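These notes concern the structure reproduced below.
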Amino acid sequence: MLLAIETSCDETGVALFDLEGKLLRDYLYSQVALHSPFGGIVPEIASRKQLEVLHPLVKKALKDLGITPWDLRVIAVTAGPGLLGSLLVGVTYAKTLAFALNIPLISIDHLQAHIFSVLFERAVPFPFLGLVVSGGHTALFLVGDFDSVELIGHTRDDAAGEAFDKVAKLLGLPYPGGPQISKLAERGDPHRYELPRPMLEEDNFDFSFSGLKTAIFQLLKREKEISIEDLCASFQHAISEVLVEKTLRASRSLKVSRIVVSGGVSANLYLRKLFCERAYKEEVFFPSLSLCTDNAIMVGYLGWIKWKRGEIADLSLEAYARAPYKKGLFRK
């Protein structure tokens, strides 16, 4: 059996796979209710809850499958990037268990797990562009294979999901902000308010969303009467348009016709619709909605791939809060 562990932020994920790569069990503990009163994730609360729930979740997974820890043959764990305290809980637990059972340990990069999550469900031939868009990350990769992941663009400030949450807070909406904005946007006019498209005209594949958030703030101060539905629709359209147009520009510039969009914001139905409308020459792939947000399935799938390839970590493995790569090929 392969045990997969995901604790990169506030979600606690555990999954069990057989050694043929088949998913057997999947569990996810959400902390949304804990963080909602604060309007965002509190790292100290997140890591303490990870410490509280991870071991019981692993025990439940083993019990439900009728196996013991001695039936495990390999452990895959998210090492980063993410909240360091939360990551340390998962990495320390996985290292301890791997040492006690004398079994291989697989280190998983969180962004790569998102990129390859779609391959758990369907075949997507290499090469492809991988857009990871979530609460903590917005990055664009050229993916040639499992060991060829080249960063070609990233956000210079706020991630897209972070912008959704911050704008939701400005509007007095509950956390998490993305689903709240999307729900209100369904009843709004996406062309009602003129909002900026940050970096859309610049000759690169980078993103920036802090200016869009600032524009909303200034509009709220300036206008006496605001249609919240129209403003949500206009904001969602602006941020989606930037993501879609810059990704398609990269696709056409690099002559890579396949695009994989993953991460929590990839669950946004408007973003999916806009990609499908504008990608008239490209194939765009999305994970199922349950695989968009943080989960242990993507960790286990990539862990199984790396285990088959002999990519084993040692017990000196350390958690890392920031992605260990800049523009160019991924470096461990």
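The values are calculated or read from the model by the stated rules, or taken from the named source; none is laboratory data. Keep in mind the model is a prediction, meaning the values are calculated, not measured. Note that we place each Cβ from the backbone using ideal geometry, even for glycine, and neighbour counts take in every protein chain shown.
Numbers for the structure displayed
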read-out: Residue that is surrounded by the fewest Cβ atoms within 10 Å (Cβ to Cβ), among those in the stretch 60-111 that are of a type in the set (D, E, K, R) and farther than 16 Å from Leu302 by Cα; value: Lys63
read-out: Residue satisfying condition, being within 25 Å of Trp304 (Cβ to Cβ) and in the same structural domain as Trp304 (by TED's automatic domain parsing), within set Ser107, Ser148, Ser134; value: Ser107
read-out: Residue within the stretch 265-272 that is modelled with pLDDT of 95 or more, surrounded by fewer than 20 Cβ atoms within 10 Å (Cβ to Cβ) and more than 18 Å from the chain's Cα centre (by Cα) present; value: no
read-out: Filtered residues of the stretch 1-58 (kept if assigned to a helix (DSSP H, G or I), free of Cβ contacts under 8 Å to residues at least 12 places away in the same chain and of a type in the set (A, V, I, L, M)); value: Ala33
read-out: Criterion violated by Thr68 - all others in (1) touching a residue at least 12 places away in the same chain (Cβ under 8 Å); (2) out of contact with any Phe, Trp or Tyr (no Cβ under 9 Å at 6 or more places or on another chain); (3) over 25 Å from Ala323 (Cα atoms); (4) of a type in the set (Ser, Thr, Tyr) satisfied; value: (1)
read-out: Any hit, the stretch 210-222, residues being closer than 29 Å to Tyr280 by Cα, at pLDDT 95 or above and not charged (D, E, K, R); value: no
read-out: Filter result for Val299 (touching a residue at least 24 places away in the same chain (Cβ under 8 Å), more than 24 Å from Gln50 (Cα to Cα) and either buried (at least 16 other Cβ atoms within 10 Å of the Cβ) or of a type in the set (Asp, Glu) (or both)); value: no
read-out: Residue that is surrounded by the fewest Cβ atoms within 10 Å (Cβ to Cβ), among those in the stretch 120-136 that are more than 17 Å from Asp206 (Cβ to Cβ) and touching a residue at least 40 places away in the same chain (Cβ under 8 Å); value: Pro125
